[in-house]
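What follows is one structure encoded as structure tokens, with my remarks underneath.
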Amino acid sequence: MIETNKRCWAEINTSNIAHNVNEIRKIIPSQTKIMGIVKANAYGHGDVSMCKELLKSGVDFFGVACMEEALRLRQAHIQERILILGYTPKEQFHYLHEQNLIQTLISMDFAKELSDYACLNDVEIQCHVKVDTGMSRLGVQCKKEQWDIEDVKRMYHLPHIRVQGIFSHFSVSDDITHQENLTFTNHQIALFDLVLQQLKQAGIEPGITHLQNSYGILNYPHLSYDYVRPGLLHLGVTSDDALATIAKPDFRPVMTWKASISYVKWIEAGCDVSYGRTYTAKERIKVATVCVGYADGYPRMVSNMHKHVLIHGQRAEIIGRICMDQMMIDVSAITDVKTGDEVVLFGYDNDVLLSVDELSRACHTINNETLCWLSERVQRIYR
């Protein structure tokens with residue numbers, strides 16, 4: 001293992017992954033299995049390492065967004081089933097059978113193109129059918145405005161296409177406070193069940209069924225499909241801590257993002273800090289420069305918003321504009337701060353937790369996006 005670069009790094013507590021997987025299992029039906037969604041480099045946590053840890057917890061089916069992500073897992077000797085949830089261009093079709101990957105059929109036209117390729121090359125392609133029950137993103141439209149069940153049926157009979165499963169995706173399963181959204185989600189469930197029913201009535205076995213994303217698990221845990229698809233949950237966070245949920249598992253965040261202090265100095269009243277002179281000290285203060293900036297993924301938009309980091313278990317305010325590689329914090333009230341000290345950007349400082357949600361909320365976004373901001377130069381360290 002490469003040693004910590006002592007500039008800016010993310011520590012991944014792998015024991016928390018097993019704990020979070022067990023928490024998910026407590027709330028879903030006993031026969032339902034878990035498909036670990038590890039797209040976008042496992043939301044910034046490291047897809048290969050997360051897969052290996054999830055395997056230890058009995059998760060043996062993974063979902064990714066695209067071919068490049070699937071191939072990275074195969075190159076790392078992850079041999080379990082991998083479902084590509086999104087579009088694959090025809091130039092990459094050959095990887096599907098060469099690497100034993102499962103492709104989502106996102107439309108009838110796409111399915112025919114894939115079947116034509118498979119017939120021409122005399123190969124079999126494993127697939128799951130995506131049905132659109134209200135997300136209006138990908139999938140055969142099976143919603144109240146349009147009903148294409150015949151296209152779904154035809155997909156199961158396309159030559160050289162072996163459909164192994166079928167799924168859909170919730171759009172507002174995170175909202176249990178507004179009746180119109182509860183009604184919409186329940187309507188999506190009813191539509192998905194109707195698709196399954198009509199397939200069976202036509203003598204077609206739907207195969208593996210899955211519908212619930214992370215909030216689908218938390219708010220509709222009673223649903224008894226074959227798999228659930230957590231993305232953030234096994235990482236110990238939700239998209240938004242403020243949202244109410246039906247189930248309230250004891251999730252533990254996996255990632256703690258840290259950086260080192262490179263310089264500590266006193267500045268006098270009237271002294272400006274960082275670009276644009278947007279912060280001026282009102283009195284003599286002690287300022288520490290931290291080795292992290294927006295090129296690492298720390299958002300510049302939180303400059304001068306009175307946001308904090310942790311040092312020695314205490315909060316320190318970010319002052320001045322955040323730079324590309326550095327930012328400054330006021331450590332006047334914290335004793336014995338010195339060069340080389342660790343600063344927690346979010347996560348745990350011993351028993352003190354600074355939630356990633358606090359940073360996300362300042363940026364008016366969700367934790368999914370904040371975690372994905374961490375750049376490649378932020379070293380991931382697995383403990």
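The values are calculated or read from the model by the stated rules, or taken from the named source; none is laboratory data. These numbers were taken from a predicted model, which means no experiment stands behind them. A quick note on method: Cβ atoms are made from the backbone with ideal geometry, for glycine too, and the neighbour counts reach across all protein chains shown.
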If a residue has to be surrounded by 14 or more Cβ atoms within 10 Å (Cβ to Cβ) and over 24 Å from the mean Cα position of the chain (by Cα) to count, how many in segment 75-98 make the cut?
4
Among the numbered conditions (1) under 23 Å from GLY216 (Cα atoms); (2) part of a loop (DSSP other than H, G, I, E, B); (3) not basic (Lys, Arg), tell me where VAL131 comes up short.
(2)
Find the residue count for segment 28-51, including only residues that are in a helix (DSSP H, G or I) and surrounded by fewer than 17 Cβ atoms within 10 Å (Cβ to Cβ).
1
If I filter segment 29-47 for residues that are more than 27 Å from SER224 (Cα to Cα), free of Cβ contacts under 8 Å to residues at least 12 places away in the same chain and over 20 Å from the mean Cα position of the chain (by Cα), do I get at least one hit?
no
Scan segment 127-137 and give yes if some residue there is surrounded by 18 or more Cβ atoms within 10 Å (Cβ to Cβ) and farther than 30 Å from ASP240 by Cα, otherwise no.
yes
Report every pair of residues separated by at least 6 positions or lying on different chains whose Cβ atoms are under 9 Å apart, first residue within segment 312-324 and over 15 Å from ILE261 (Cα atoms), second outside any loop (DSSP other than H, G, I, E, B) and hydroxyl-bearing (Ser, Thr, Tyr).
GLY320/TYR275; GLY320/TYR279; ARG321/TYR275; ARG321/TYR279
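Do we have any residue at all in segment 364-379 that's in a strand (DSSP E or B), closer than 14 Å to GLU11 by Cα and at pLDDT 95 or above?
Pass one, segment 364-379, residues in a strand (DSSP E or B): 379.
Checking the rest, the ones that are also closer than 14 Å to GLU11 by Cα come to 379.
Of the ones still in play, those that are also at pLDDT 95 or above are 379.
Looking for residues that are in a strand (DSSP E or B), closer than 14 Å to GLU11 by Cα and at pLDDT 95 or above, one finds at least one in segment 364-379, hence yes.
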Somewhere in segment 187-204, is a residue surrounded by 15 or more Cβ atoms within 10 Å (Cβ to Cβ), outside any helix (DSSP H, G or I) and among the aliphatic types (A, V, I, L, M)?
yes
Residue that is surrounded by the most Cβ atoms within 10 Å (Cβ to Cβ) [pool: residues in segment 343-363 that are assigned to a loop (DSSP other than H, G, I, E, B) and not small (Gly, Ala, Ser)]:
CYS363
